[in-house]
1. Are there any pairs, at least 6 apart or on different chains, whose C-beta atoms fall under 8 Å, with the first in segment 7-25 and surrounded by fewer than 18 Cβ atoms within 10 Å (Cβ to Cβ) and part of a helix (DSSP H, G or I) and the second modelled with pLDDT under 95 and acidic (Asp, Glu), and if so, which?
2. Which residue, of 49, 37, is exposed (fewer than 13 other Cβ atoms within 10 Å of the Cβ), at pLDDT below 95 and under 16 Å from residue 101 (Cβ atoms)?
3. Quick check on segment 70-94: of everything there that is surrounded by 13 or more Cβ atoms within 10 Å (Cβ to Cβ), modelled with pLDDT under 80 and of a type in the set (A, V, I, L, M, F, W, C), which residue is farthest from residue 25 (Cα to Cα)?
4. Enumerate the pairs (first residue in segment 48-69 and charged (D, E, K, R); second residue anywhere and assigned to a helix (DSSP H, G or I) and open to solvent by 20 Å² or more (accessible area, probe 1.4 Å)) with beta-carbon separation below 7 Å, excluding pairs fewer than 6 apart on the same chain, so at least 6 apart or on different chains.
5. For residue 56, indicate whether it is assigned to a helix (DSSP H, G or I), open to solvent by 60 Å² or more (accessible area, probe 1.4 Å) and touching an Asp or Glu at 6+ places or on another chain (Cβ under 8 Å).
6. With respect to residue 61, is the statement that it is open to solvent by 60 Å² or more (accessible area, probe 1.4 Å) and among the hydroxyl-bearing types (Ser, Thr, Tyr) true?
Amino acid sequence: MSRAEVLDRATVEWMHQLGLVERLYPAFVEGVSEQLAAVRSALAVGEQAAALRLVHRLRGSAAQLGASALARVLAELEEALAQGAGGHELFAGAALCEVVAETSAALRAEVEAARADRLTRG
């Protein structure tokens, strides 16, 4: 997947304009694995409602930051959980891990671009 497919360019450009990329993107990238681990833990002990809340919050964060591919996958998981499905199959497949890795790489690239831009502007 290209960065254009992983990120919503309009949202990312807005984040650059607001000067938020260097502050928000690293925190999101660092926290996403921990948040997904919390979802897995909730599912493992049958806490479907807690898992749903965690996924909903993570999906919202991803969407607000322009991580559109991740937000789409999380929306599928949220829908499955809301309908009473366990959601385990979405975690078992490679798709979620792949999207998380691609999103993290794309967001890191945006941080590097923001740093380079800041340094060239002085």
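1. 16/117
2. 37
3. Per the criteria, the residue is 85.
4. Matching pairs, first to second residue: 59/75; 59/78.
5. yes
6. No: the conditions fail for residue 61.
Condition check ((1) in contact with a strand residue (DSSP E or B) (Cβ under 6 Å, 6 or more places away or on another chain); (2) more than 23 Å from residue 111 (Cα to Cα); (3) of a type in the set (Lys, Arg)) across all residues:
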residue	(1), (2), (3)
14	no, no, no
24	no, no, no
46	no, yes, no
53	no, yes, yes
58	no, no, no
71	no, no, no
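The values are calculated or read from the model by the stated rules, or taken from the named source; none is laboratory data. No experiment lies behind these values; they were computed from the predicted model shown. Methodologically, a virtual Cβ is constructed for each residue, glycine included, from the backbone with ideal geometry; neighbour enumeration extends over all protein chains shown. Remember, those area values only see protein heavy atoms, side chains included, never the ligands or the DNA or RNA. Shrake-Rupley method; radii C 1.70, N 1.55, O 1.52, S 1.80 Å.
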